[in-house]
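Working notes, beginning with the structure itself.
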Amino acid sequence: MWHRTAPRTRSPPHRAERSAELQVVFDEYHFGKFVNGYITGEYFFDIHPPLGKLLLCLVAWMGGYDGSQSWDKIGVDIPPEVNLLALRGALTRTRTLTLTLTLTLTPPEVNLLALRGAPALQGALLVPLMFGTARALGISTPGALLGACGVLLDGCFLVESRFVLTDATLLLCIVLQVWGCASAAKHPPLSGAWLRRTAVGGLGVAGALCTKWTGVSALAMAGLQTLVLLLRGLASAWRAGARGAAVGAMPNPNSNPNPHPHPHPNPNPNQVGAMLRHGLASAALLLLLPALLYLG
């Protein structure tokens, strides 16, 4: 049984894999410093919005992390007293019961469950959300299950969602926006169910936009969907007006000849009004609400 205090002499290859878990990995070099800055009050500059890093900081602070870990470069060792289970949020298959008890009972200077637990939880939530999004898009249950398994078994995502990074936050918010908009389309416009699901889509847009600038793609998707819905409503209203004009143009033997046998079709006024209300509500929930949350 491997123990942290065992001497490292001619370690087998899998021992190196385990030791990598006790070091600063990839972009933790950046995001660890951001978490430290928020907790200690140290000023720093970042080009991206702060939501994802604030979530990391909140969970780390709740877990007792005090910003003492150094993130100066990739590969920096994390001290033995660091609670890796806490920071990274999940035991790997190489952990043993003895190591788990050692980490839990040692007073943690760096709580790895707290630091890495937030992205791990978000990565886990993405799997059922992907299944629900696929179903909302009209994909069959087996197809939706396949899509969810694709997320579950994606090696890149499994790694990224278990380190101090904001990619899991960004992806979760983008998929939440797609789910909200796709599921809202199955309900009558302006109904209670439509408003709730569209508002959830707006929260997804806001979360993505407030995490990274690449979250603008979620805003673009929401705007494009709103435009498509408005065009569909306009086409439907125009067809209804054309049908009404065609019926009115039919000859009636009991009335005087119609001086305008081919009147110009006009959209149904009631449908146009409903379409405008639908468009304004969509813009308010998918564009204005995210903008207000971002500015707030």
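Residues of the range 50-59 that are surrounded by 17 or more Cβ atoms within 10 Å (Cβ to Cβ) and in contact (Cβ under 8 Å) with a residue 24 or more places away in the chain: LEU51, GLY52, LYS53, LEU55, LEU56, VAL59. Is it the case that GLY180 is modelled with pLDDT under 90 and in a helix (DSSP H, G or I)? No.
Which residue, of ARG239, ARG243, is at pLDDT below 70 and either of a type outside the set (A, V, I, L, M, F, W, C) or closer than 15 Å to LEU286 by Cβ (or both)?
Numbers: ARG239 fails: at pLDDT below 70.
From the options ARG239, ARG243, the qualifying one is ARG243.
Scanning the range 139-197 for residues that are surrounded by fewer than 19 Cβ atoms within 10 Å (Cβ to Cβ), farther than 30 Å from CYS57 by Cα and outside the structural domain of GLY215 (by TED's automatic domain parsing) yields ILE139, SER140, THR141, PRO142, GLY143, LEU145, LEU146, GLY147.
At pLDDT below 50, part of a helix (DSSP H, G or I) and of a type outside the set (Val, Ile, Thr) - does that describe any residue in the range 34-49? Explain how you work it out, then say what you get.
Of all residues in the range 34-49, those at pLDDT below 50 come to none.
Checked the range 34-49: no residue is at pLDDT below 50, part of a helix (DSSP H, G or I) and of a type outside the set (Val, Ile, Thr).
Tell me, please, whether a residue that is closer than 29 Å to VAL228 by Cα, in a helix (DSSP H, G or I) and out of contact with any helix residue (DSSP H, G or I) (no Cβ under 6 Å at 6 or more places or on another chain) can be found in the range 121-133. Yes, because at least one residue in the range 121-133 is closer than 29 Å to VAL228 by Cα, in a helix (DSSP H, G or I) and out of contact with any helix residue (DSSP H, G or I) (no Cβ under 6 Å at 6 or more places or on another chain).
The values are calculated or read from the model by the stated rules, or taken from the named source; none is laboratory data. None of the values given here were measured: they were computed from a predicted structure. With ideal geometry, Cβ positions are generated from the backbone for all residues, glycine too; neighbour counts draw on all protein chains shown.
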